[in-house]
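These notes are about the structure you will find just below.
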Amino acid sequence: MTLTMTWLIRYGHVVGGALWLGGYVLLALLILPLLAKHRTEVLETLAVTTVRVMTYAGTATIAFGLVLITRTRDFGSITAFGEWGMIIVSCIVIAVALLGIGDGALRPAILRLKEVGDSRKAQRFALIGLGLSVLAVGLMTKALYAVS
């Protein structure tokens, strides 16, 4: 039962992360470039909704990750400043930054498209988020095999 529960928590963490990363891919490579060429109310609504879903997915990813820490190596391993702890701290910083970029920068930039008429700022934030998301996935992949 314990192993199954840990697997379900890890599954939630991975699915949340996949949705979060997928949202940045969708925005950076499809929705925002389309908005730059053909601004429509439907695309603007889709972009804002995607950011909202990413916020929920990101919050779930962080929550599942924190629970996962308690079920695997525990928080004491983080403060030992070994390889695993440094990776986890880095990913927590990236995750908080991604939430800030999404709701604090990307969403407002999308909402201002009607006034400004230029989607480059939103595209820039989406690309930054995409890059940080890919970095976090790489770090989390390494965390599975990290010592200490």
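The values are calculated or read from the model by the stated rules, or taken from the named source; none is laboratory data. These numbers come from a predicted model, not from an experiment. Neighbour counts are summed over all protein chains in view; Cβ atoms, including those assigned to glycine, are modelled from backbone coordinates with ideal geometry. Note: areas computed on protein heavy atoms with side chains; ligands, DNA, RNA excluded. Shrake-Rupley method; radii C 1.70, N 1.55, O 1.52, S 1.80 Å.
Counting only residues that are in contact (Cβ under 8 Å) with a residue 40 or more places away in the chain and open to solvent by 70 Å² or more (accessible area, probe 1.4 Å), give me the helices (runs of 4 or more DSSP H) lying completely in the range 58-148 with at least 3 of them.
Those helices (runs of 4 or more DSSP H) span 120-143.
Per this entry, Leu21 is counted among residues that are in contact (Cβ under 8 Å) with a residue 60 or more places away in the chain, closer than 18 Å to Phe125 by Cβ and open to solvent by 40 Å² or more (accessible area, probe 1.4 Å).
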